[in-house]
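Just so it is clear, none of the values below were taken in a lab; they were calculated from the coordinates. Predicted model, so just to flag it, every value in this text is computed and none were measured. Counting neighbours? That spans all protein chains shown, and the Cβs are built from the backbone with ideal geometry, glycine included.
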Amino acid sequence: SASPASSGGVVRRRRVLMFPLPFQGHLNPMLQLAGVLHARGGLDITVFHGTFNAPDPARHPPEYRFVPVGEGVAWADLVPSGGGGDADDDIPGALLRINERLREPFRDRLRQALALAEDDAAPPPACLVLDSNLREMQLVAQELGVPTLVLRTGAAACLVAYMAFPALCDKGLLPPTSKDKSQLDMPLDDLTPLRLRDMVFSSAATPANMKKCLKCLVDAARSSSGVILNTFRDLENSDLEKIANGIAVPIYPIGPLHKISSGTADSLLAQDWACLEWLDKQEVDSVLYVSFGSLACIDEKELLEIAWGLANSQVPFLWVIRHNLVKSSSNDVSLPDGFKEETHGRGMVVPWVPQQEVLRHHAIGGFWTHNGWNSTLESICEGVPMICRPQFADQMINMRYVQDVWKIGFELDGDLERGKIERAVTKLLCMEEGRHMRQRAKDLRNKAIKCIKEEGTSKSAIELLVNHIMSF
Ligand code: UDX
């Protein structure tokens with residue numbers, strides 16, 4: 001079971017190397033996985049990381065090793081908007097650049113880590129667990145004889161969709177040839193319930209970069225020694241089966257990771273905990289939580305419409321306006337005149353919150369989200385139904401499952417307009433339809449809780465994973 005392997009009566013500690021992608025939604029699950037492997041598997045941890053969005057070692061067990069990679073790399077040239085990234089950015093291009101620029105620095109660092117292990121007379125690192133977007137790092141590890149495992153931080157459904165991407169390109173379906181709604185809404189037969197538009201990664205991603213990037217991702221999964229997924233059987237069994245059939249390596253659905261290992265320690269932004277005291281004063285299931293994750297952006301007009309939509313709905317709300325949420329020419333983005341007075345006592349606006357604690361709070365009755373996978377999974381795990389406003393990458397795929405498969409939310413699409421927002425908010429928080437969605441979300445929450453208990457499917461997958469790592 002999950003304990004350091006012993007050979008000849010001597011307990012042999014093993015070290016796992018990890019390399020997350022330097023974005024909030026990717027760092028969190030990797031460091032949660034580190035927590036699981038360290039605390040439950042008795043494994044030593046080394047985290048390689050970019051100098052951009054670097055994790056803070058002080059917030060982790062002192063025995064973790066943190067190794068910066070590519071100190072000289074100018075991150076502003078690599079990542080969209082010098083650090084952000086949204087639908088207007090060529091995210092696949094950024095991922096390809098990150099791979100290219102970190103490859104050689106990583107080779108040096110990995111060599112050093114291997115040499116260190118020899119000097120320590122300790123066993124060599126068991127393996128490298130890397131983000132599925134870091135294909136070049138995997139190739140380096142393989143050259144140096146280090147086995148690799150891949151962590152997919154997204155949904156199983158998303159990996160299935162990405163596996164099907166080349167075939168859709170070959171059929172001439174992707175990229176779509178027009179912006180015609182009937183073409184974009186076309187159902188994809190082998191990928192039910194997905195529609196063509198769910199596969200359009202972002203408006204700015206060039207088809208060539210897109211293809212290359214997803215090929216790297218799927219290649220990384222296929223040539224790894226195993227794929228770890230932050231999801232659970234009862235949520236995505238049929239897509240997990242499709243992955244198992246399409247990729248000839250073991251798969252480990254061990255999520256929801258944040259429920260097994262705390263994830264708030266790795267927040268890159270300061271969290272406002274006072275909002276929890278405010279929530280304490282609100283009624284059960286009454287508050288709408290609004291947040292679009294760490295990257296998605298809106299424009300000033302959308303800010304205005306959201307503000308008045310929330311105000312007019314009369315529903316209590318907790319709204320996260322991240323420092324770089326609003327794309328604007330001026331730095332001084334302000335809420336409309338009269339908004340504060342109108343929503344006084346009923347609404348709270350904050351720059352960043354401890355989201356998992358917020359969603360767990362009994363006052364939260366709905367979540368208006370961009371459907372990043374972490375937010376989607378965190379919402380499911382607390383039984384909170386969603387208004388979905390996906391923008392790019394995997395978010396449309398996640399929305400489609402929330403709306404059409406799990407039926408725990410609905411999409412708010414098209415231009416943001418205050419009347420439409422008001423109706424959506426009322427539907428989720430005040431109407432029968434929303435109540436049914438909340439009930440289904442609570443049923444899913446119960447399944448999530450079950451799978452991480454003793455004998456639960458994720459718990460068993462963790463044991464298998466640890467045994468697999470010890471066998472390297
Ligand atoms: C990115 C991509 O956008 C997303 O599509 C992909 O699935 C993962 O990588 P991001 O946009 O940041 O992630 O969204 P998400 O996956 O939801 O992750 C956001 C994380 O930040 C969550 O773990 C959430 O708990 C946390 N968060 C968010 C906070 O801690 N406080 C907040 O106020 C908002």
The residues E300, E454, E411, sorted from fewest to most surrounding Cβ atoms within 10 Å, come out as E454, E300, E411
Quotient of Cα radius of gyration and Kirkwood radius for segment 293-333, i.e. Rg/Rh, equals 0.98
Within segment 154-208, DSSP-loop trypsin sites (Lys or Arg not before Pro) with at most 15 other C-beta atoms within 10 Å are K171, K179
Computed over the chain: longest principal axis from alpha-carbon atoms vs helix 418-430 long axis, angle to nearest 10 degrees, is 70 degrees
With label points set 7 Å from each Cα along the Cα-to-Cβ direction at K453 and Q183, the distance between them in nm comes to 5.1 nm
Cβ density ranking, 10 Å radius, fewest first, applied to V249, V320 yields V249, V320
Per-residue ellipticity at 222 nm attributable to helices in the chain (runs of n ≥ 4 DSSP H, -39500 (n - 2.57) apiece, nearest 500 deg cm²/dmol) works out to -13000 deg cm²/dmol
Of all DSSP beta bridges with both partners in the chain, the antiparallel percent, nearest 5, is 5 percent
Using the Kirkwood formula on alpha carbons, the hydrodynamic radius of segment 165-321 in angstrom works out to 20.0 Å
Between G226 and residues 5 or more places away or on another chain, the pairs with built amide H atoms under 5 Å apart involve V150
At q = 0.16, 0.21, 0.25 1/Å the base-10 log of I(q)/I(0) from the Debye formula over the alpha-carbon atoms of segment 267-309 is -0.66, -0.98, -1.05
Taking only the alpha-carbon positions of segment 267-380 as identical scatterers, the Debye log10 I(q)/I(0) at q = 0.10, 0.18, 0.20 Å⁻¹ comes out as -0.27, -0.93, -1.17
Rounded to whole angstrom, the alpha-carbon centroid of segment 267-307 lies from that of segment 408-429 at a distance of 16 Å
The Cα extents of segment 215-303 along the principal axes, largest first and rounded to whole Å, are 51, 32, 25
If the chain between A274 and K212 were fully extended at 0.36 nm per residue, the gain over the current Cα-Cα distance would be 17.9 nm
In degrees, nearest 10, the alpha-carbon axis of helix 156-170 is tilted away from the dominant principal axis of the alpha carbons of the chain by 90 degrees
Here, the chain modelled as identical Cα point scatterers in vacuum has Debye log10 I(q)/I(0) at q = 0.06, 0.07, 0.12, 0.13 Å⁻¹ of -0.26, -0.35, -1.07, -1.26
One finds the C-alpha centres of segment 137-183 and segment 99-118 to be spaced, in Å, by 26 Å
Farthest towards the positive end of the dipole of the chain, among G42, L276, G347 and with Cβ unit charges of +1 on Lys and Arg and -1 on Asp and Glu, lies the Cα of G42
Final fewest-first order of T192, T46 on the 10 Å Cβ neighbour count is T192, T46
Normalised Cα Rg of segment 367-472, dividing by 2.2 N^0.38 Å with N its residue count, works out at 1.29
Once phi for every residue in segment 196-210 is put through the Karplus expression 6.51 cos²θ - 1.76 cosθ + 1.60 (θ = phi - 60°), the whole-Hz ³J(HN,Hα) values, with Gly and Pro written as x, are 3, 5, 5, 9, 8, 4, 6, 5, 9, 6, 6, x, 5, 5, 4
Length gained if S330 through C430 is fully extended, taking 0.36 nm per residue and subtracting the Cα-Cα distance, is 32.3 nm
Taking Cα atoms, the helix 457-470 axis meets the longest principal axis of the chain at an angle in degrees (rounded to 10) of 30 degrees
Contact order relative to length for the chain, counting C-alpha pairs under 8 Å separated by 6 or more residues, stands in percent at 17 percent
Given unit charges at Cβ for Lys, Arg (+) and Asp, Glu (-), the dipole magnitude of the chain about its Cα centre in debye, nearest 20, is 1080 debye
